[in-house]
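Data first, discussion second: the structure below is written as structure tokens.
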Amino acid sequence: MDRAVERVIEHIQSLPTQPAMNVEGATEFARTLIERLPQRGESFEKLLAFLFEDAIPRSFTSSGPGYLAYVPGGGLFHSALADFIAAAVNRYVGVCAAAPALVQLEANVVRWFCEILGMPKGSGGVLTSGGSLANFTSVVTARKAMLPDDFLRGTLYCSNQIHHSFQKAANLAGFPYANVRELPVDELFRIRTDALEEAIANDRRGGFTPFLIAGSAGTTGTGAVDDLEALARIAKNEKMWFHVDGAYGALFMLTERGRAALKGIEQADSVILDPHKTLFLPFGTGAVLVRDAGALRRAHSLHADYMPAMQQEDELVDFCEISPELSRDFRGLRVWLPLKLFGIEPFREQLDEKLDLIAYTVDELRKIDGIEIIAEPQLTITAFRLRGDNEVNRELLKRINARKRVMLTPTTLPDGRFVLRIAIASHRTHKDRVDMMLEDIRLECGGNASAF
Ligand SMILES: Cc1ncc(COP(=O)(O)O)c(C=O)c1O
């Protein structure tokens, strides 16, 4: 243990000086690792050396301060300690009877998330391995609540900017992709509610059963927040389920600016959030919250004669009764430990700092000749491009990333424009790193597009 901890500490301390990504030759290296089932063991020292010197360095440094790609996940060290304890004691939290106190700790975490989002009494939820599984659980729950067993006339509505895990969830829940209506967005990349209402009306005329509207509380591409109040209103009028993908954005409800941007989220029938994004926890930590906790149970509960008795009181919960999983890790502990250790305040401060940093970033980007802000930040993601064609911007991205102080990723807008994204969401990213990024962008823009 001591040797592992030494390696981990050394690794974490060196994060600021590690390259933001280091994957040249990594796939070739990966191929050399294919091996047969080991018959004999080898020394821990050697295995640790392999992990920390050969395998781990050949990757995106997704826990480092320069990771401004996709949606960053910091990986709070304290959660690793919780994981260590959870796996070492290996208690069973799939059913309440097996470890009631531990199940209660995880249930508290879910309740805290409901509180952060302003969801009413009677709401509840479950921790998942991430946003994708949370979306899946939501769609299955909505399908069971809103549609008959023969549900193929059911249609779902979202913007063409929603994270693709939503369409995937719908498909896994049994709907053909064609039943998911991807609607156009406005100039802020938010779903066009006029198009939504029209699509619902058309589908009703065509004999479909519109049953679910999905809003985005922060899209991955440009960080857009749909007009959640308007979506809640439409869902209510149309007697449809209102789902919100808050995998990236929902936890900004901890901040005043976030609450202003996300108004309406508290009216959702289901919301997903990813503590492994904006609560800085290690990957493998998502959550789904449902306004009527009973809907989760009605969708997932199933009796088997060899199982222990399930809880009947509202306060106690069996996670296997409200989710697709039975045996699973005690993932609640990796949320519970840091929240109990620090309280919520430092997390709120961190998110506020990221909101300040993105505002500073766009102010500085605007001063660079030739740069256009394509997506004003609604939370902590922005998208920009250099005047010129897509090739110019691909080249710009390549050059910024080649400096290895930050890693940015692109997206393509519905109109075909290739844009560079900046996502600030790691607890390890502070102003010093943002300044490095700005310096690299300034240098690579070289004043204007003719540099290419
Ligand atoms: C907005 C959004 N929704 C859903 C997901 C899917 O979550 P996960 O990767 O945790 O499965 C992501 C990102 O990965 C996301 O950015």
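The values are calculated or read from the model by the stated rules, or taken from the named source; none is laboratory data. As the structure is a prediction and not an experimental result, all values here were calculated from the model. For neighbour counting, all protein chains shown are included, and Cβ atoms are generated from backbone atoms with ideal geometry for every residue, glycine included.
Residues checked against (1) modelled with pLDDT under 95; (2) out of contact with any Cys (no Cβ under 9 Å at 6 or more places or on another chain); (3) within 15 Å of the ligand (Cβ to nearest atom):
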{"position": "Gln104", "(1), (2), (3)": "no, no, no"}
{"position": "Asn108", "(1), (2), (3)": "no, yes, no"}
{"position": "Arg111", "(1), (2), (3)": "no, yes, no"}
{"position": "His164", "(1), (2), (3)": "no, yes, yes"}
{"position": "Ala169", "(1), (2), (3)": "no, yes, yes"}
{"position": "Leu183", "(1), (2), (3)": "no, no, no"}
{"position": "Asp203", "(1), (2), (3)": "no, yes, no"}
- prompt: When residues of the range 369-406 are filtered for being touching a residue at least 60 places away in the same chain (Cβ under 8 Å) and closer than 29 Å to Glu256 by Cα, how many remain?
  reply: 11
statement: When the range 85-135 is checked residue by residue, the ones that are outside any helix (DSSP H, G or I), more than 17 Å from Ala268 (Cβ to Cβ) and of a type outside the set (Val, Ile, Thr) are Asn90, Arg91, Tyr92, Gly94, Ala99, Leu127, Ser129, Gly130
message: For the range 126-138, which positions are surrounded by 24 or more Cβ atoms within 10 Å (Cβ to Cβ) and either near the ligand (Cβ under 7 Å from one of its atoms) or over 12 Å from Gly246 (Cβ atoms) (or both)?
response: Val126, Leu127, Thr128, Gly131, Asn135, Thr137
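Yes/no per residue for (1) in contact (Cβ under 8 Å) with a residue 60 or more places away in the chain; (2) closer than 20 Å to Ser270 by Cβ; (3) of a type outside the set (Phe, Trp, Tyr):
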{"site": "Asn171", "(1), (2), (3)": "no, yes, yes"}
{"site": "Leu188", "(1), (2), (3)": "yes, no, yes"}
{"site": "Leu212", "(1), (2), (3)": "yes, yes, yes"}
{"site": "Ala235", "(1), (2), (3)": "no, yes, yes"}
{"site": "Lys239", "(1), (2), (3)": "no, yes, yes"}
message: Could you go through the range 269-291 and let me know if any residue there is under 18 Å from the mean Cα position of the chain (by Cα) and without any contact (Cβ under 8 Å) to a residue 60 or more places away in the chain.
response: no
- prompt: Residues Leu296, Leu341, Leu316: which one is over 12 Å from Leu127 (Cα atoms), aliphatic (A, V, I, L, M), out of contact with any Lys or Arg (no Cβ under 9 Å at 6 or more places or on another chain) and modelled with pLDDT under 95?
  reply: Leu316
message: Kindly evaluate Glu106 against the criterion of being without any contact (Cβ under 8 Å) to a residue 40 or more places away in the chain and among the acidic types (Asp, Glu).
response: no
- request: Using the structure shown, decide if Val71 is of a type outside the set (Ser, Thr, Tyr) and within 30 Å of Asn401 (Cα to Cα).
  value: yes
query: Taking the range 215-270 as the search range and keeping residues that are of a type in the set (Ser, Thr, Tyr) and buried (at least 23 other Cβ atoms within 10 Å of the Cβ), which one is farthest from the ligand (Cβ to nearest atom)?
result: Ser270
field: Failed item in (1) hydrophobic (A, V, I, L, M, F, W, C); (2) within 16 Å of the ligand (Cβ to nearest atom); (3) touching a strand residue (DSSP E or B) at 6+ places or on another chain (Cβ under 8 Å), with Leu281 passing the rest
entry: (3)
